[in-house]
Amino acid sequence: MEDRAALEAAVAVARANGLRVDDAVILRDRLNVLVHLRPAPVVARVAGTITRARQGTAWQERELSVAGHLARAGAPVVAPSAELPPGPHVHAGRVLSFWDYVPPADPVDAAAAGEALAHCHEALRTYEGSLPLLGTLTEAEALLARLAAEETIDPDTATDLLLRIHELTPMLTELRSPVQPLHGDAHLGNVLGGPLWNDWEDTCLGPVGWDAACLLAGRHGRGRQEAAYAASRMGVDPGELELWIDARSLQVTIWRYVSAGTTSPSGSTGVRGDTRM
């Protein structure tokens, strides 16, 4: 069932800011609701069930700041909208932001996406805003604790996941890899025509191995081959990459419980972004 309240919030804020909206349509309804505000070349990203994990506007503020920096630097990204103030806005309890509309395109060229991500990484090195260190992982650990307290995850499963986090954390720390701003959720599902990298709400500081792991975790067969092409530009040591893939897979699993809102998520492996936008 579509989140009509999200559509109504997007239309209300857009019109209040002078944007003509004749025919708004929901493009995707997952953790975020994407609304194309036709005929304008604008998409509203309205927080949906992601509010089970994130409250307030700080995460959208970071996303807009980083994406704006990248757009100004000429990096291949979907830019915050220039048609109206991009936000974040709050309307009727819904948090939303506005972005350029990118028309649907052919399947993503993985090698081109990898080149585009490398360009983004280069431009990100000049970003001076504050970002959480490995915020994707620290958030996942906090979410796991909350899920366990709410009993929305089996206690044995929660204990096993927490143990795996505690085993991995010191190994990742010992790598002492250089850190820089990252995408944070850099799987090929977050690439639109161009290719342009989209969905920067998980942006954080960390080694580029994390973004490489996002490309590869949960991929198999042809999909993994394509993702490996995309990741090859990052030059991550194969042994280190396996650790980052393990960490990414843990994060994916925890977010699937958040997405499902139940002790029985639809799957415990795969790419988190397949259930997010």
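The values are calculated or read from the model by the stated rules, or taken from the named source; none is laboratory data. From a predicted model like this one, the values you see are computed outputs, not experimental measurements. We place every Cβ from the backbone using ideal geometry, glycine too, and count neighbours over all the protein chains shown.
Look at (1) in contact (Cβ under 8 Å) with a residue 60 or more places away in the chain; (2) within 15 Å of Gly194 (Cα to Cα) and you find that Pro107 fails only one, number (1). The set of residues in the range 162-176 being of a type in the set (Ser, Thr, Tyr) and either surrounded by fewer than 12 Cβ atoms within 10 Å (Cβ to Cβ) or closer than 22 Å to Ala116 by Cβ (or both) consists of Thr173 alone.
Only residues that are more than 14 Å from Trp244 (Cβ to Cβ) and in contact with a Pro (Cβ under 7 Å, 6 or more places away or on another chain): list them for the range 187-204, please.
Gly193, Gly194, Pro195, Leu196, Trp197, Thr203
To keep it simple, each residue is scored yes or no on (1) buried (at least 17 other Cβ atoms within 10 Å of the Cβ); (2) out of contact with any helix residue (DSSP H, G or I) (no Cβ under 9 Å at 6 or more places or on another chain).
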| residue | (1), (2) |
| --- | --- |
| Val78 | yes, no |
| Pro103 | no, yes |
| Glu122 | no, yes |
| Glu128 | no, no |
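Among the residues of the range 91-128, write down those that are in contact with a Lys or Arg (Cβ under 7 Å, 6 or more places away or on another chain) and over 30 Å from Pro39 (Cβ atoms). The answer is Gly114, Glu115, Ala118.
Candidates in the range 179-217 are the residues that are small (Gly, Ala, Ser) and surrounded by fewer than 22 Cβ atoms within 10 Å (Cβ to Cβ); of these, the one that is farthest from Ala71 (Cα to Cα) is Gly189. Being assigned by TED's automatic domain parsing to the domain that holds Thr253, in contact with a Pro (Cβ under 7 Å, 6 or more places away or on another chain) and at negative phi holds for only one residue in Ala116, Ala140, and it is Ala116.
Put simply, of Gly239, Gly193, Gly189, Gly184 the only residue that is in contact with a Cys (Cβ under 8 Å, 6 or more places away or on another chain) and not acidic (Asp, Glu) is Gly184. Evaluated against (1) farther than 15 Å from His89 by Cβ; (2) touching a residue at least 12 places away in the same chain (Cβ under 8 Å), Gln55 falls short on exactly one condition, (2).
Of the strands (runs of 3 or more DSSP E) contained entirely in the range 12-98, those carrying at least 3 residues that are over 25 Å from Leu182 (Cα atoms) fall at 21-29, 32-39. All conditions but one from (1) polar (S, T, N, Q); (2) under 29 Å from Ser65 (Cα atoms); (3) modelled with pLDDT under 75 apply to Ser268; the one that does not is (2). Based on this model, can you work out whether Gly184 counts as under 13 Å from the mean Cα position of the chain (by Cα) and without any contact (Cβ under 8 Å) to a residue 60 or more places away in the chain? Yes; evaluated as a whole, the condition is true for this residue. In the range 193-206, the condition of being at pLDDT below 80, in the same structural domain as Leu124 (by TED's automatic domain parsing) and polar (S, T, N, Q) is met by no residue.
Criterion applied to Leu163, Leu134, Leu96 was being in contact (Cβ under 8 Å) with a residue 40 or more places away in the chain and at negative phi, and the one residue passing it is Leu96.
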